[in-house]
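Everything on this sheet refers to the single structure shown next.
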Amino acid sequence: MQAKTIPSYIPSYGILLLVVLSAVLIAWVPGKSLLFLVFLLLNIALCILNRKFFTHSSLVAFRTLVGLVFVFSSLSKGVDPTGTAYMIEDYLEAYRLPWLSFLAVPGSFLLNLVEFCIGIFLLFNVHFKLTVWVLALMMAFFTGVTWYDAVANPVPDCGCFGKALVISNWQTFYKNLALDAATLALFFSRNRIRTRRSLFQVRLVTILAAVLFLGFECFNYRYLPVVNFLEWKKGERLFPENPLPVRHYMTYRDKRTGQTQEYLLEECPFDDPQWVENWEFVSRRDVDPNEKMVNINILDKVDDEDPGLDITKPLLQEDRYLFLVAVYDLDALDGKGMEKVAAFVKKMRQAGYSSCFLTASTVARAKQFQKMYAMEDIPVYFADDTSVKAVIRSNPGVVLVRDSRVLGLWDWRRLPAPEEVDFAGFGQTYGFDR
């Protein structure tokens with residue numbers, strides 16, 4: 001009696017469902033999980049065992065799945081090529097290759113373009129063999145990199161989906177393992193898939209994909225991202241509207257016994273003379289129950305002897321229009337752009353509006369900068385370079401803030417005329433007075 005064989009579509013679609021399931025489960029596994037790791041490796045093993053038996057329809061599904069992921073990944077980074085370049089710089093610094101930082105911007109453009117073309121070529125089934133080879137090599141390289149990231153954590157955010165979707169290093173590694181399974185299915189079947197498109201269609205898809213995406217990247221690099229995934233975006237509140245009170249905890253030590261005890265500030269027995277005499281202050285900790293909405297600490301100065309005061313909240317929460325000029329690196333700013341920004345800010349100050357500069361450069365360099373552009377009357381504040389870069393993707397760039405609300409962002413190339421700033425519209429929308 002002849003044994004029945006299992007139809008090939010059953011294991012093919014079974015593996016496909018496992019890959020999709022693993023991709024969904026990544027959202028619930030942010031950290032290291034040996035069980036989930038075994039599950040992902042099992043998917044890869046099943047793809048290898050079933051390498052000769054994937055059905056055409058299942059390969060179309062794999063091709064579409066991987067193509068969509070690569071298109072989304074490339075668009076989320078291509079909309080912010082400057083941010084991707086920053087991420088490449090972080091990697092070069094972490095891997096002790098800062099001397100290659102000049103490749104960050106071209107590397108950003110190239111990486112995003114290659115990802116986009118892989119995604120489009122898979123979706124339209126053109127250049128399939130070449131595309132799958134490039135895909136396999138990329139996945140092998142980035143799986144190794146993200147494994148090291150997950151284990152050693154040299155860079156806290158890989159930036160694989162830009163700022164559109166931030167996931168942990170372990171989740172990034174899991175994502176790559178899930179894609180590895182789909183990639184293997186396509187790679188083992190690369191000689192079985194035929195392209196049924198004319199040479200004209202293939203060339204058209206290739207040229208359109210490359211030209212349109214490069215144009216998209218150049219626009220977002222030259223100006224601001226057409227879609228802003230950063231914390232500072234128009235209409236966003238930088239702090240909660242009705243914040244809960246911050247709780248202050250004080251630790252005191254009994255001088256007689258050495259015992260320490262922590263008190264809520266309001267509950268400290270300061271009215272007890274004996275307690276005051278016998279207990280000495282040790283430390284204080286503050287607990288802010290409000291969700292941190294903006295990741296920046298703005299200081300009024302930075303000095304080796306005096307680190308300055310954190311003025312983030314009073315600066316950004318004040319009920320007045322503030323034009324904040326972000327210049328993360330005073331040595332790398334565009335001179336022509338700074339002249340335009342300086343003229344704009346001076347006109348706004350003459351009209352009665354507040355302004356300040358925010359930079360990651362040194363105090364000494366900031367003073368030189370103020371003198372160079374005759375802007376000694378405009379205060380300069382300081383934050384770390386990562387925070388300033390996250391304010392606006394332009395060096396220099398201008399942000400309008402009032403009562404912790406971001407009202408507008410402009411790169412130096414597209415600064416509005418002073419009369420074009422819609423103060424009346426802001427007042428109607430958010431209830432501001434003039």
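Results, tabulated for the structure shown:
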quantity	calculated
Unique match (being in contact (Cβ under 8 Å) with a residue 40 or more places away in the chain, within 26 Å of residue 102 (Cβ to Cβ) and under 28 Å from the mean Cα position of the chain (by Cα)) among 363, 341	341
Positions within region 247-303 being assigned to a strand (DSSP E or B), loosely packed, with under 11 Cβ neighbours inside 10 Å and not charged (D, E, K, R), in sequence order	281, 287
Flag if residue 424 is farther than 22 Å from residue 222 by Cβ, out of contact with any Lys or Arg (no Cβ under 7 Å at 6 or more places or on another chain), touching a residue at least 40 places away in the same chain (Cβ under 8 Å) and open to solvent by 60 Å² or more (accessible area, probe 1.4 Å)	no
Candidates 347, 389 - the one that is closer than 30 Å to residue 90 by Cα and at pLDDT 90 or above	389
Residue that is of a type in the set (A, V, I, L, M, F, W, C) and in contact with a Pro (Cβ under 6 Å, 6 or more places away or on another chain), where the choices are 372, 338	338
Hits in region 22-44 - residues which are open to solvent by less than 80 Å² (accessible area, probe 1.4 Å) and either closer than 14 Å to residue 181 by Cα or assigned to a helix (DSSP H, G or I) (or both)	22, 23, 24, 25, 26, 27, 36, 37, 39, 40, 43, 44
Within region 341-378, tally of residues that are buried (at least 16 other Cβ atoms within 10 Å of the Cβ) and part of a loop (DSSP other than H, G, I, E, B)	6
Unique match (being closer than 27 Å to residue 227 by Cβ and not charged (D, E, K, R)) among 391, 380, 363	391
Among (1) in contact with a helix residue (DSSP H, G or I) (Cβ under 9 Å, 6 or more places away or on another chain); (2) under 27 Å from residue 37 (Cα atoms), the one test that residue 83 misses	(2)
So residue 334, is it over 30 Å from residue 417 (Cβ atoms) and modelled with pLDDT under 85	no
Matching residues, region 95-104, being in contact (Cβ under 8 Å) with a residue 40 or more places away in the chain and either in a helix (DSSP H, G or I) or under 17 Å from residue 160 (Cα atoms) (or both)	none
Residue within region 286-293 that is in contact with a Pro (Cβ under 6 Å, 6 or more places away or on another chain) and at negative phi present	yes
Qualifying residue in region 396-407 (condition: of a type in the set (A, V, I, L, M, F, W, C), open to solvent by 20 Å² or more (accessible area, probe 1.4 Å) and outside any loop (DSSP other than H, G, I, E, B))	no
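The values are calculated or read from the model by the stated rules, or taken from the named source; none is laboratory data. The structure presented is a predicted model; accordingly, all values stated were derived computationally and were not measured. Every residue, glycine as well, gets a Cβ built from its backbone with ideal geometry; the counts of neighbours run over all protein chains shown. Just the protein is used for accessible areas: all its heavy atoms, side chains included, with ligands, DNA and RNA removed. Shrake-Rupley method; radii C 1.70, N 1.55, O 1.52, S 1.80 Å.
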